[in-house]
1. Please pick out the residue among 54, 68 that is surrounded by 15 or more Cβ atoms within 10 Å (Cβ to Cβ) and modelled with pLDDT of 85 or more.
2. Take the residues in the range 79-116 that are under 18 Å from residue 53 (Cα atoms) and more than 17 Å from the chain's Cα centre (by Cα); name whichever of them is surrounded by the fewest Cβ atoms within 10 Å (Cβ to Cβ).
C-alpha cells in the first residue's frame, strides 16, 4: 500500500508504508534505518515512548532534589542513591548542573545515550 507523505523538501512522492523520508536529504529510506544510505544522516526513530532531553532537563532543574530525572532516564540505581542523600541538598545542586547539561546536549548524543 502506498501513501502520500510530505517530504521536508517539498517532495510529495508516494512511498510505501514501511518507508519514510530522510531527515537529511529528503529521499525515501526504510523506517527502521538508523542512517540514510544516500547521505549518511542519522535518522530519528518514530516509535512512541522515547525519552526527550527537554523533559529530562526540566525534571532535573525543577525536581532535581528528588532526582526524578534519574528515574525518567532509566537510571534508577543512581536515583535511589541520590534519594538517600537528598537531605544534604548536594543532589539538588548536582541535578541543577545535570539539567543544564541535558538541555544543551546534542540531540543525537542524547538519543545514543538514553534511547537505545
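1. Numbers: 54 fails: surrounded by 15 or more Cβ atoms within 10 Å (Cβ to Cβ).
Exactly one of 54, 68 is surrounded by 15 or more Cβ atoms within 10 Å (Cβ to Cβ) and modelled with pLDDT of 85 or more, namely 68.
2. First, pick out the residues of the range 79-116 that are under 18 Å from residue 53 (Cα atoms): 79, 94-116.
Add one more test, that the residue is more than 17 Å from the chain's Cα centre (by Cα), and what stays is 79, 94-97.
Values: 79: 19, 94: 16, 95: 25, 96: 15, 97: 12.
Here the residue is 97.
The values are calculated or read from the model by the stated rules, or taken from the named source; none is laboratory data. Bear in mind the structure is a predicted one, so any value in this text is a computation, not a measurement. Positions of Cβ are backbone-derived with ideal geometry, glycine not excepted, and every protein chain shown enters the neighbour counts.
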